[in-house]
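Asks: Dropping a structure here in structure tokens format, bear with me for questions.
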Amino acid sequence: MAARPTTEGVGPAPRVMIETRQLAMEFSGFRAVDGVDLRVAEGSIHALIGPNGAGKTTCFNLITKFLTPTAGQIFFGGQDITSFEPAAIARRGLVRSFQISAVFPGLSAVQNVCVALQSRTRRLFQFWKSDRSLADLEAEADAILEQVDLAAFRNVNAALLPYGRKRALELATTLALDPRVLLLDEPMAGMSPADVERVSQLILRIRKGRTILMVEHNLPVVAALCDRITVLARGRVLAEGDYREVSGNPQVQEAYIGSDHD
């Protein structure tokens, strides 16, 4: 995949959807995140990259409030959400995926999406009732499955899906929550080249009307998908820019020498 061309300097500056100011997280005297200032523009695909242990996933956990920061502030759409609970943030449209697929293995693809849809509407899903209790959600679920190329797998149990299709189903369940901002934590982890290409195309397809922040070790994927890239090293921002700028930065090159990254 070729590097994404830059569009900087064209048109008015977009709205900032996610912003962190001097964000920090300390574990027993160790600063995993140390004064990170991050600004993610509305409608962009923005990557967090860096060597292992750079603080990328910790930043994700802080932004989505699975961790409470030691210091700093987090803003979503201009609102200070530093003190919010994870569920409150998700209800506002800030939704994340995880490195490990999080779907119900015993349910079909369409049932998994229906469960996500009913959680968005806060309806109680009662597993002991007939599947007919979710029938009114199936049309919307089918439309989402179509978005991620899973229409042909709608009745296949998640446990039986190939790995790449299972990750696409996880993407479908996050889309069912109707996110304004989608945080993807290593969406290509463990995938074959064919699956990487397929999921890359899915991400490009679903970006319309959404903002995406992703942690990803696959640098060709980052080059092809991302408008802007923030490089972390030892918990701090080392560089920021488009792929051409950060890949040509001597400090970034030095940080990656000898590091374990894909």
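Yes/no matrix, rows are residues, columns are (1) touching a strand residue (DSSP E or B) at 6+ places or on another chain (Cβ under 6 Å); (2) under 30 Å from R15 (Cα atoms); (3) among the charged types (D, E, K, R); (4) at pLDDT 95 or above:
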| position | (1), (2), (3), (4) |
| --- | --- |
| L137 | no, no, no, no |
| N155 | yes, no, no, yes |
| T174 | yes, yes, no, no |
| P179 | yes, yes, no, no |
| E186 | yes, yes, yes, no |
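Asks: Next question, about the same structure. Condition (residue is crowded, with 19+ Cβ neighbours inside 10 Å, in contact with a strand residue (DSSP E or B) (Cβ under 9 Å, 6 or more places away or on another chain), over 18 Å from L171 (Cα atoms) and of a type outside the set (K, R)) applied to segment 248-262: is it met by at least one residue? Show your work before the answer.
Replies: Within segment 248-262, the first condition is being crowded, with 19+ Cβ neighbours inside 10 Å, and the residues that meet it are 252, 255.
When the remaining residues are screened for being in contact with a strand residue (DSSP E or B) (Cβ under 9 Å, 6 or more places away or on another chain), the result is 252, 255.
Checking which are over 18 Å from L171 (Cα atoms) leaves us with 252, 255.
Adding the requirement that they be of a type outside the set (K, R) leaves 252, 255.
The answer is yes, given that some residue of segment 248-262 is crowded, with 19+ Cβ neighbours inside 10 Å, in contact with a strand residue (DSSP E or B) (Cβ under 9 Å, 6 or more places away or on another chain), over 18 Å from L171 (Cα atoms) and of a type outside the set (K, R).
Asks: Next question. Being in a strand (DSSP E or B), modelled with pLDDT under 90 and in contact with a helix residue (DSSP H, G or I) (Cβ under 9 Å, 6 or more places away or on another chain), is that true of even one residue in segment 96-104? So that I can check it myself, show each step before the final result.
Replies: Step one: of segment 96-104, the residues in a strand (DSSP E or B) are 96.
Keeping just the survivors that are modelled with pLDDT under 90 gives 96.
Remaining after also requiring in contact with a helix residue (DSSP H, G or I) (Cβ under 9 Å, 6 or more places away or on another chain): 96.
Checked segment 96-104: at least one residue is in a strand (DSSP E or B), modelled with pLDDT under 90 and in contact with a helix residue (DSSP H, G or I) (Cβ under 9 Å, 6 or more places away or on another chain).
Asks: Say we look at segment 140-178 and pick out the residues that are surrounded by fewer than 16 Cβ atoms within 10 Å (Cβ to Cβ) and acidic (D, E); which of these is farthest from L117 (Cα to Cα)?
Replies: If we take residues in segment 140-178 being surrounded by fewer than 16 Cβ atoms within 10 Å (Cβ to Cβ) and acidic (D, E), then E146 is farthest from L117 (Cα to Cα).
Asks: Additional query: Would it be correct to say that L232 is touching a helix residue (DSSP H, G or I) at 6+ places or on another chain (Cβ under 7 Å) and closer than 26 Å to P162 by Cβ?
Replies: no
Asks: Among the residues of segment 174-212 satisfying the criterion of being touching a Lys or Arg at 6+ places or on another chain (Cβ under 8 Å) and among the hydroxyl-bearing types (S, T, Y), which is nearest to A47 (Cα to Cα)?
Replies: Among them, the one singled out is T211.
Asks: Can you name every residue in segment 225-236 that is of a type in the set (A, V, I, L, M, F, W, C) and either surrounded by fewer than 17 Cβ atoms within 10 Å (Cβ to Cβ) or within 16 Å of A41 (Cβ to Cβ) (or both)?
Replies: Step one: of segment 225-236, the residues of a type in the set (A, V, I, L, M, F, W, C) are 225-226, 229, 231-233.
The answer is L225, C226, I229.
Asks: When residues of segment 1-42 are filtered for being at pLDDT 95 or above and part of a loop (DSSP other than H, G, I, E, B), how many remain?
Replies: Result for segment 1-42: 1.
Asks: Would you please name the residue that is farthest from V16 (Cα to Cα), looking only at residues in segment 43-87 that are assigned to a strand (DSSP E or B) and not aliphatic (A, V, I, L, M)?
Replies: Narrowing segment 43-87 to residues assigned to a strand (DSSP E or B): 45-49, 71-76, 79-80.
After this cut, where a residue has to be not aliphatic (A, V, I, L, M) as well, the list is 46, 72-73, 75-76, 79-80.
Details: H46: 12, G72: 17, Q73: 14, F75: 9, F76: 8, Q79: 11, D80: 13 Å.
Here the answer is G72.
Asks: Search segment 179-221 for residues being among the hydrophobic types (A, V, I, L, M, F, W, C) and farther than 20 Å from V95 by Cα, and hand back the single one that is surrounded by the fewest Cβ atoms within 10 Å (Cβ to Cβ). Before the answer, list the steps.
Replies: Step one: filter segment 179-221 for residues among the hydrophobic types (A, V, I, L, M, F, W, C), giving 181-184, 188-189, 191, 194, 196, 199, 202-204, 206, 212-215, 219, 221.
Within this subset, residues satisfying the condition of being farther than 20 Å from V95 by Cα are 191, 194, 196, 219, 221.
On the way: M191: 19, A194: 9, V196: 19, L219: 17, V221: 22.
For segment 179-221, the residue satisfying everything is A194.
Asks: In segment 144-167, how many residues are more than 22 Å from the chain's Cα centre (by Cα) and small (G, A, S)? Write out each step before concluding.
Replies: Taking segment 144-167 and keeping what is more than 22 Å from the chain's Cα centre (by Cα), we get 151-157, 159-160.
Narrowing the set further to residues that are small (G, A, S) leaves 151-152, 159.
Residues that pass the stated criteria total 3.
Asks: Turning to a different aspect of this structure: How about segment 11-38: which of its residues are among the small types (G, A, S) and surrounded by 12 or more Cβ atoms within 10 Å (Cβ to Cβ)?
Replies: Keep residues of segment 11-38 that are among the small types (G, A, S), which gives 11, 13, 24, 28-29, 32, 35.
Result: A24, A32, G35.
Asks: Continuing with the same structure: Can you name the residue in segment 53-80 that is of a type in the set (F, W, Y) and crowded, with 20+ Cβ neighbours inside 10 Å and, of all such residues, is nearest to A255 (Cα to Cα)? Please lay out each step first, then the result.
Replies: Let us first name the residues in segment 53-80 that are of a type in the set (F, W, Y), namely 60, 66, 75-76.
Adding the requirement that they be crowded, with 20+ Cβ neighbours inside 10 Å leaves 60, 76.
Values: F60: 21, F76: 30 Å.
Among residues in segment 53-80 that are of a type in the set (F, W, Y) and crowded, with 20+ Cβ neighbours inside 10 Å, the one nearest to A255 (Cα to Cα) is F60.
The values are calculated or read from the model by the stated rules, or taken from the named source; none is laboratory data. Predicted model only: the values in this text are computed from it and were never measured. Glycine also receives a Cβ, built like all others from the backbone with ideal geometry; neighbour counts cover every protein chain displayed.
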